Amino acid sequence: MDFNLHIDRTRSNSYKWDNRAAVFGTEDVLPMWVADMDFQAPPAVIRAVRERVEHGVFGYTYPSPSYYESIINWMQNRHNWKIEKEWIQFCPGVVPALSLIVEMFTEPEDQVMIQTPVYPPFHSVVKNHGRELVCSPLLEQDGYYSMDFEDMESKMADGKVKLLILCSPHNPVGRVWTKQELQQLADLCAKWNVLVVSDEIHADLVFEAGSHTPFASLSEGAAQRSIICTAPSKTFNIAGLHTANLVIPNKELRAKFSKALEIHAMGSATPLGLAAAEAAYREGAEWLDALLDHVRGNMDYVCDFCEGHLPEVKVWRPEGTYLLWLDFRALGLKGKELSSFLIEEAKLGLNSGDSFGTDGDGFMRMNLGCTRATVEEAMRRLEAAVSKRLHSIDEK
């Protein structure tokens, strides 16, 4: 569990590292963007995958009873949420699941609501199916974000919003919604008959134990009006194994989603993905606790560095995820100009804030699931670039 061990990810077909030229126009950037970490998976996961590989036969596979048991136990132990085996529906990924849900649970004339700035695929899965996207911007005050319930209700009141995609914990702003906030959202959606799809892929990556509340655990009413998307992919850095699990307490919703999987032939699992996920849920808790300590340290380092050396770059300490939301608006940089500055001057590859919605313009998302040495080098580069820019402005 040495999270400062450097692992060379180049020449491994890494989307994050080997695709820099295609994404940023140059390989001369330190990539801290797409949400995967630069760490090896937990030892138990590597061992389970190795044993499965040594078996040597990789035919069609289905989730075993022990696989479901590992998920049930994890949800109970980690989130104090009691779920049933029948509620669990396997899917190759959360984004494919969101796409299926938008297609299956809405009609072309329906509206789908998201809370921006938010994970870019939330936008695309709605638009790709020809549904009307309705954005409810989060309220931001001094870097702290909250839900705008008044705005949401005003946009739900005409009855056209049929589905709300919730990001919980929130990517990119790092909020872990309180139980009170989620209950207010549940009440609002019940009032206007809106189905909630809660993407909880970052649920395990919270810095205060027990602070995440699964939306369906709020009440029986919330459980019957929601679909919860979970996965071990972000938690244990196994996104490439394409393993996700939806928890759907409502029998009719579950049957409808299962039908969508059947229509698109997307219900099959891979033997390595199943082996990795089960091992992670059974034996990964200690590794995860150590990971959270490391990521929290990286977060504190960047926040303290900006406060002491880069006051022009505003940042709020997140409550969850390994993603940091950086505010560059004080530098007078937005959109392509900001991206060019970071790529060309700071030599940093980050996620552009405007890809999360227009209200993300002037921001950047930084992935801190990496070694401390990477973080320190990033901040050195950023400080030098900002200093050079400010000096240039002063000379003018």
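Considering (1) within 26 Å of GLY240 (Cβ to Cβ); (2) surrounded by fewer than 20 Cβ atoms within 10 Å (Cβ to Cβ); (3) free of Cβ contacts under 8 Å to residues at least 40 places away in the same chain, the lone condition that GLN76 does not fulfil carries the number (1).
No other residue among SER339, SER355 is modelled with pLDDT of 95 or more and either touching a helix residue (DSSP H, G or I) at 6+ places or on another chain (Cβ under 7 Å) or assigned to a loop (DSSP other than H, G, I, E, B) (or both) apart from SER355. Quick check on GLY130: is it modelled with pLDDT under 95 and either out of contact with any Phe, Trp or Tyr (no Cβ under 7 Å at 6 or more places or on another chain) or surrounded by fewer than 21 Cβ atoms within 10 Å (Cβ to Cβ) (or both)? For GLY130, the condition - modelled with pLDDT under 95 and either out of contact with any Phe, Trp or Tyr (no Cβ under 7 Å at 6 or more places or on another chain) or surrounded by fewer than 21 Cβ atoms within 10 Å (Cβ to Cβ) (or both) - is not met.
In the stretch 287-298, the count of residues that are in contact with a strand residue (DSSP E or B) (Cβ under 7 Å, 6 or more places away or on another chain) and among the polar types (S, T, N, Q) is zero.
On the stretch given as the stretch 29-55, residues that are assigned to a loop (DSSP other than H, G, I, E, B) and surrounded by fewer than 19 Cβ atoms within 10 Å (Cβ to Cβ) total 2. Within the stretch 322-334, residues that are without any contact (Cβ under 8 Å) to a residue 60 or more places away in the chain reach partners that are basic (Lys, Arg) with beta carbons closer than 7 Å, at six or more positions or on different chains, in the pairs ALA330/LYS314; LEU331/ARG389.
Number of residues in the stretch 4-28 that are buried (at least 20 other Cβ atoms within 10 Å of the Cβ) and more than 23 Å from the chain's Cα centre (by Cα) equals 0. Taking the listed residues SER136, SER146, SER99, the one that is under 24 Å from TRP316 (Cα atoms), small (Gly, Ala, Ser) and crowded, with 16+ Cβ neighbours inside 10 Å is SER136, with no other qualifying. Kindly indicate whether any position in the stretch 204-212 is free of Cβ contacts under 8 Å to residues at least 60 places away in the same chain, in contact with a helix residue (DSSP H, G or I) (Cβ under 6 Å, 6 or more places away or on another chain) and either surrounded by fewer than 16 Cβ atoms within 10 Å (Cβ to Cβ) or of a type in the set (S, T, N, Q) (or both). Scanning the stretch 204-212 turns up no residue that is free of Cβ contacts under 8 Å to residues at least 60 places away in the same chain, in contact with a helix residue (DSSP H, G or I) (Cβ under 6 Å, 6 or more places away or on another chain) and either surrounded by fewer than 16 Cβ atoms within 10 Å (Cβ to Cβ) or of a type in the set (S, T, N, Q) (or both). Per the conditions (1) within 20 Å of PHE207 (Cβ to Cβ); (2) surrounded by 21 or more Cβ atoms within 10 Å (Cβ to Cβ); (3) of a type in the set (A, V, I, L, M, F, W, C), the sole criterion not satisfied by VAL313 is (1). Pairing each residue of the stretch 240-261 that is in contact (Cβ under 8 Å) with a residue 12 or more places away in the chain with any residue that is surrounded by fewer than 16 Cβ atoms within 10 Å (Cβ to Cβ), provided the two are 6+ apart or on different chains, yields C-beta distances under 6 Å for ASN250/GLN224; LEU261/GLY267. THR371 meets all of the listed conditions (1) touching a residue at least 40 places away in the same chain (Cβ under 8 Å); (2) in contact with a strand residue (DSSP E or B) (Cβ under 9 Å, 6 or more places away or on another chain) but one, namely (2). With the structure loaded, tell me whether LEU188 is under 21 Å from ARG225 (Cα atoms), buried (at least 16 other Cβ atoms within 10 Å of the Cβ) and under 20 Å from the mean Cα position of the chain (by Cα) or whether it fails that test. No; evaluated as a whole, the condition is false for this residue. Consider the stretch 52-67 and keep the residues that are out of contact with any strand residue (DSSP E or B) (no Cβ under 8 Å at 6 or more places or on another chain) and hydroxyl-bearing (Ser, Thr, Tyr). The one that is farthest from PRO232 (Cα to Cα) is TYR60.
The values are calculated or read from the model by the stated rules, or taken from the named source; none is laboratory data. Quantities reported herein were computed from a predicted structural model and do not represent experimental measurements. Quick reminder, even Gly has a Cβ in these numbers, built from the backbone with ideal geometry, and neighbours come from all protein chains shown.
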